[in-house]
Structures are given as structure tokens and as C-alpha cells.
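Comments concern the structure below.
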Amino acid sequence: MTRDELKKAVGWAALKYVRPGSVVGVGTGTTAAHFIDALASIKHDIEGAVSSSEASTEKLRAYGIPVFDLNNIDQLSVYVDGADEINPQMQMIKGGGAALTREKIIAAVAETFVCIADQTKQVDVLGHFPLPVEVIPMARAYVARQLVKMGGLPEYRQDVVTDNGNCILDVYNLSIVNPAELERKINALPGVVTVGLFADRGADVALIGTDNGVLTLTRGG
Ligand code: 5RP
């Protein structure tokens with residue numbers, strides 16, 4: 001199977017976590033796009049969605065799925081999103097699509113985070129994929145210097161402005177043995193909006209697309 005076929009398989013498999021009549025949290029990226037296609041097939045059974053990016057919002061609206069402001073939603077049963085890497089502890093690197101901040105906010109609100117990913121995203125230790133950090137533009141050079149002190153090699157993602165008007169530093173050369181600690185340390189730097197480490201709030205369920213079918217992993221399971 002191609003990678004895209006594996007992404008499609010997990011996007012559709014995630015439908016079983018959607019509660020009828022609910023508002024659904026929707027992520028960003030090529031895997032999440034397959035989930036949106038799947039969600040469109042049951043659009044009359046859900047109330048609508050909250051979205052983690054302008055791109056996903058546009059796709060949801062094109063299908064006629066109502067997109068709500070998160071501030072008007074008291075309760076979110078499920079958030080479905082992809083990942084750039086996921087480890088056996090269900091911690092992730094996210095933000096390859098620059099949507100990490102809104103993704104982290106929706107993940108925080110959701111009762112259940114369902115990560116959908118093809119098998120190439122599974123790793124033992126996070127950090128081979130460069131770690132995205134969303135930064136307030138005037139703090140870019142300062143934050144980059146601090147990241148170098150932590151052993152990283154930050155690279156400015158040229159020509160990318162996030163949906164929140166900020167920039168992205170992609171940090172190479174990290175072997176992240178303690179993801180929760182690094183998440184806290186980077187988040188504490190003045191000027192950092194969000195680090196794309198989802199360690200403190202990892203996934204509850206991971207649907208992994210493999211050549212032998214969709215594997216379901218659960219946190220602590
Ligand atoms: C976007 C993300 C995506 O979930 C992540 O980059 C995976 O993308 P894809 O499904 O296209 O491989 O975090 O900010």
C-alpha cells in the first residue's frame with residue numbers, strides 16, 4: 001500500500017470514535033484531510049466541527065459541515081489529528097503543517113485524542129523529525145539562540161506565517177529522551193507560543209496504518 005492509502009485507511013477508521021450528534025475536533029494535514037472526507041459521509045449525523053487551521057476549516061465548509069468557534073463549545077468528546085512522529089508512550093511531534101498551536105488548544109479541550117498516522121510515523125525516540133516551534137516574530141533570533149544552548153539546530157521556516165501571524169523554527173539534532181521536560185523548557189522561553197511536542201497531553205488512541213491493516217493502540221494499553 002502507498003503511504004497515502006495508509007493515511008486514508010486510518011482517516012476512515014477514526015469515524016468509529018465520532019459520537020452521533022456531537023461536535024468533532026478536526027486536525028490538519030494530509031491524514032486529517034482523509035478524516036474530513038470520511039466525516040463528510042456522516043455529516044448529517046454530527047452537529048459540526050471545530051477546526052485546527054484555516055485549511056481544514058475551508059475543507060470542512062466546502063463539504064457543508066458547520067465549523068464552530070471553540071469558545072462556544074463546552075465539551076468536545078473527540079479530537080482526530082495526524083502526527084509527524086509518535087512514540088510508544090503516545091507522545092508526539094506535531095506541527096509539520098504549522099498548525100501546532102491550534103492543534104494543542106483543541107487537544108487540551110478534547111476528552112479523547114485520536115492520533116491517525118501511517119506506520120512511518122512510529123519511532124522509539126522522538127526527534128528525528130525536526131521539532132516545530134511557533135514563535136512571536138520579534139523573538140525569533142532570541143529563541144533560536146536559546147534552542148542552540150539546548151543542543152538543537154533551529155532553522156527558520158522561510159515564507160511560512162502561521163494562522164496566528166507568527167513564524168516557525170524547525171529544530172534539528174534533538175534526541176528527545178524526556179519529552180515532557182523539553183516541552184516545559186521550550187514553552188517557558190519568552191516569545192515561544194507553542195512547541196510541537198505533545199508529551200504532557202499525548203494521544204489516548206493511535207490508529208496506525210500498516211500493510212497488515214489498521215493497528216489500534218491505547219494509552220497505557
Ligand atoms: C500539522 C500537523 C500534522 O498532523 C502533521 O504534520 C502530520 O501531517 P500529515 O498527516 O500530512 O503527514 O501536525 O501541523
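Here N71 fits the description: within 21 Å of S56 (Cβ to Cβ) and surrounded by fewer than 16 Cβ atoms within 10 Å (Cβ to Cβ).
Looking at the structure I just gave you, is D45 surrounded by fewer than 16 Cβ atoms within 10 Å (Cβ to Cβ) and either in contact (Cβ under 8 Å) with a residue 12 or more places away in the chain or under 15 Å from the mean Cα position of the chain (by Cα) (or both)? Spelling it out, D45 is indeed surrounded by fewer than 16 Cβ atoms within 10 Å (Cβ to Cβ) and either in contact (Cβ under 8 Å) with a residue 12 or more places away in the chain or under 15 Å from the mean Cα position of the chain (by Cα) (or both). Taken over region 74-91, the residue count meeting the criterion of being buried (at least 16 other Cβ atoms within 10 Å of the Cβ) and of a type outside the set (A, V, I, L, M) is 7.
Scanning region 141-176 for residues that are at pLDDT below 95 and surrounded by fewer than 12 Cβ atoms within 10 Å (Cβ to Cβ) returns D159, S175.
Taken together, V114, V125 contain a single residue that is among the hydrophobic types (A, V, I, L, M, F, W, C) and in contact with a helix residue (DSSP H, G or I) (Cβ under 6 Å, 6 or more places away or on another chain), which is V114.
Does F129 fit the bill of being of a type in the set (F, W, Y) and within 18 Å of the chain's Cα centre (by Cα)? Yes: the conditions hold for F129.
Summed over region 111-129, residues that are crowded, with 22+ Cβ neighbours inside 10 Å and in contact with a Leu (Cβ under 8 Å, 6 or more places away or on another chain) total 6.
Among the residues examined, A33 qualifies as closer than 30 Å to I176 by Cα, among the aliphatic types (A, V, I, L, M) and surrounded by fewer than 22 Cβ atoms within 10 Å (Cβ to Cβ). With a requirement of 3 or more residues that are within 20 Å of V214 (Cβ to Cβ) and more than 9 Å from the ligand (Cβ to nearest atom), the helices (runs of 4 or more DSSP H) lying completely within region 15-126 that satisfy it span 30-40.
No other residue among G221, G209 is in contact with a helix residue (DSSP H, G or I) (Cβ under 8 Å, 6 or more places away or on another chain), small (G, A, S) and under 27 Å from V10 (Cα atoms) apart from G209.
Quick grid of which residues meet (1) charged (D, E, K, R); (2) within 14 Å of A206 (Cα to Cα); (3) in contact with an Asp or Glu (Cβ under 7 Å, 6 or more places away or on another chain):
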| site | (1), (2), (3) |
| --- | --- |
| K7 | yes, yes, yes |
| P20 | no, no, yes |
| G25 | no, no, no |
| L60 | no, no, no |
| D74 | yes, no, no |
| G96 | no, no, yes |
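Per the conditions (1) on the phi > 0 side of the Ramachandran plot; (2) within 16 Å of the ligand (Cβ to nearest atom), the sole criterion not satisfied by N173 is (2).
The values are calculated or read from the model by the stated rules, or taken from the named source; none is laboratory data. From a predicted model like this one, the values you see are computed outputs, not experimental measurements. Counting neighbours? That spans all protein chains shown, and the Cβs are built from the backbone with ideal geometry, glycine included.
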